[in-house]
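This report refers to the structure that appears directly beneath it.
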Amino acid sequence: MPAEHLSGKHVSAQVRERLKKDVAQMEEKVPGFRPGLAILQVGDREDSNLYISMKLKAAAEIGINANHVRLPKTASEDEVLSSITSLNEDSTVHGLIVQLPLDSVHSINTEKVTNAVSPDKDVDGLTSVNAGKLARGDLGDCFIPCTPKGCLELIRQTGVQIAGKRAVVLGRSKIVGAPMHDLLLWNHATVTTCHSKTVNIAEEVNRAEILVVGIGRAEMVKGDWIKPGAVVIDCGINHVSDSTKPNGKRVVGDVAFQEAKEKASYITPVPGGVGPMTVAMLMENTVESAKRYLQKYTPGKWSIECTAVNPETPVPR
């Protein structure tokens, strides 16, 4: 029996509706308050412009105030860091992301720029502080990277219990593979990470009851690699030649979908699977950050503690 499709479009729509209600409740509690998201872009890459437009559209739908901060390709590292510092200090900004890659004519240290974002506003979950908290299991005190968080939500939608399952993550990037491993581990799966140096990847994949793939190679995972009944989450986005398409290309994932769907119990399509969830989880992290802000800094209330007075007689001189 062919696998059931896990639609990221459907699940992300549910998430957005829930977040709309959360934002409305916050505004009802604190009139005029709205979550704020800043997207810092260096340069003018077409793919980055597309991704940013999707984020701005989702933010507007939910009620998040999104600010697109553009810096020219001539921006230096110091100028980028100065902009981040300014946004870190802006109390109306609750989430701050730096759109990658940085499209500058100058050499810019991406790791340094990423870690300049305040961990409290790091809704992409890419700072070393948030990565460290995730690695040690402090899931309630960090921001989880959006793609792995979206993958986990899709897995939960299947109703399959994660605890005790054998999970395999194919890929070890800082954005997808490594945090996905940690997230599954702290949800009590037994996790194996495979990468370019792994021997007999097909055998490792065939043991997976839950498989998450983010390797960046078009249709690398074949149908006969898949364990019957496995849940398959495909994070890949690749363009392959297709003469039947107007532009001569089509989008495929890292999993050979037509083959794999005959073996899996659930599988994400590409496109329409993980992609919409990534944007939805960015919105969820931003709203969560705004909630944390309100818990700490409720407008109109000052956190004041009085020092106890202990009169002495006679009065000391």
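With A38, A66 as the choices, which residue is small (G, A, S), open to solvent by 10 Å² or more (accessible area, probe 1.4 Å) and assigned to a strand (DSSP E or B)? Don't jump to the end; show me each part of the working.
On the way: A38 fails: open to solvent by 10 Å² or more (accessible area, probe 1.4 Å).
Going through A38, A66 in turn, the sole match is A66.
Please determine, by comparing only the residues of segment 8-28 that are among the polar types (S, T, N, Q) and closer than 15 Å to M281 by Cα, which one is surrounded by the most Cβ atoms within 10 Å (Cβ to Cβ).
That would be S12.
Are any of the residues in segment 100-111 touching a residue at least 24 places away in the same chain (Cβ under 8 Å), buried (at least 17 other Cβ atoms within 10 Å of the Cβ) and closer than 28 Å to L294 by Cα?
Looking through segment 100-111, none of the residues is touching a residue at least 24 places away in the same chain (Cβ under 8 Å), buried (at least 17 other Cβ atoms within 10 Å of the Cβ) and closer than 28 Å to L294 by Cα.
For segment 219-246, name all the residues that are touching a strand residue (DSSP E or B) at 6+ places or on another chain (Cβ under 7 Å) and open to solvent by 50 Å² or more (accessible area, probe 1.4 Å).
Listed by number, the residues that qualify are E219, I237, H239, S241.
May I ask you to list pairs of residues, at least six apart or on different chains, whose Cβ atoms are under 7 Å apart, with the first in segment 47-68 being over 24 Å from N238 (Cα atoms) and the second being open to solvent by 80 Å² or more (accessible area, probe 1.4 Å) and of a type outside the set (V, I, T)?
Final answer for the pair search is G63/R34; I64/R34; N65/R34.
Looking only at residues in segment 112-121 that are of a type outside the set (S, T, N, Q) and farther than 21 Å from P35 by Cβ, which one is least open to solvent (accessible area, probe 1.4 Å)? Step through it out loud before you land on a result.
Taking segment 112-121 as the starting set, the residues that turn out to be of a type outside the set (S, T, N, Q) are 112-113, 116-117, 119-121.
Applying the additional criterion that residues be farther than 21 Å from P35 by Cβ yields 112-113, 116.
Details: K112: 105, V113: 1, A116: 35 Å².
Looking at the filtered set, the residue picked out is V113.
Could you please find all residues in segment 109-160 being touching a Gly at 6+ places or on another chain (Cβ under 6 Å) and either modelled with pLDDT under 95 or of a type in the set (V, I, T) (or both)?
Once the filter is applied, which keeps residues that are touching a Gly at 6+ places or on another chain (Cβ under 6 Å) and either modelled with pLDDT under 95 or of a type in the set (V, I, T) (or both), segment 109-160 yields V123, I144.
Give the number of residues within segment 112-138 that are within 25 Å of I215 (Cβ to Cβ) and either touching a residue at least 40 places away in the same chain (Cβ under 8 Å) or over 16 Å from the mean Cα position of the chain (by Cα) (or both).
Of segment 112-138, the ones within 25 Å of I215 (Cβ to Cβ) are 114, 124-128, 130-132, 134-135.
The next check asks that each one be either touching a residue at least 40 places away in the same chain (Cβ under 8 Å) or over 16 Å from the mean Cα position of the chain (by Cα) (or both); those that pass are 124-126, 131, 134-135.
Residues that pass the stated criteria total 6.
Of all residues in segment 69-94, count the ones that are assigned to a strand (DSSP E or B) and open to solvent by less than 40 Å² (accessible area, probe 1.4 Å).
Of the residues in segment 69-94, 2 are assigned to a strand (DSSP E or B) and open to solvent by less than 40 Å² (accessible area, probe 1.4 Å).
Given (1) open to solvent by less than 60 Å² (accessible area, probe 1.4 Å); (2) farther than 16 Å from A280 by Cα; (3) within 21 Å of the chain's Cα centre (by Cα); (4) at pLDDT 95 or above, identify the lone condition not met by D47.
(4)
Starting from residues that are of a type in the set (D, E, K, R) and more than 18 Å from the chain's Cα centre (by Cα), keep the ones in segment 50-82 and report whichever is nearest to L96 (Cα to Cα).
R70
What residue, among those in segment 147-157 that are touching a residue at least 40 places away in the same chain (Cβ under 8 Å) and open to solvent by 10 Å² or more (accessible area, probe 1.4 Å), is farthest from G275 (Cα to Cα)?
So, considering only residues that are touching a residue at least 40 places away in the same chain (Cβ under 8 Å) and open to solvent by 10 Å² or more (accessible area, probe 1.4 Å), the one farthest from G275 (Cα to Cα) is Q157.
Under the condition of being assigned to a loop (DSSP other than H, G, I, E, B) and open to solvent by less than 30 Å² (accessible area, probe 1.4 Å), which residue from segment 270-294 is farthest from I210 (Cα to Cα)?
Residue satisfying both the conditions and the ranking: G272.
The values are calculated or read from the model by the stated rules, or taken from the named source; none is laboratory data. For clarity, every value in this text was computed on a predicted model and none was experimentally measured. Cβ atoms come from the backbone with ideal geometry, glycine included; neighbour counts cover every protein chain shown. Please note that ligands, DNA and RNA were not included when accessible areas were found on the heavy atoms of the full protein model with its side chains. Shrake-Rupley method; radii C 1.70, N 1.55, O 1.52, S 1.80 Å.
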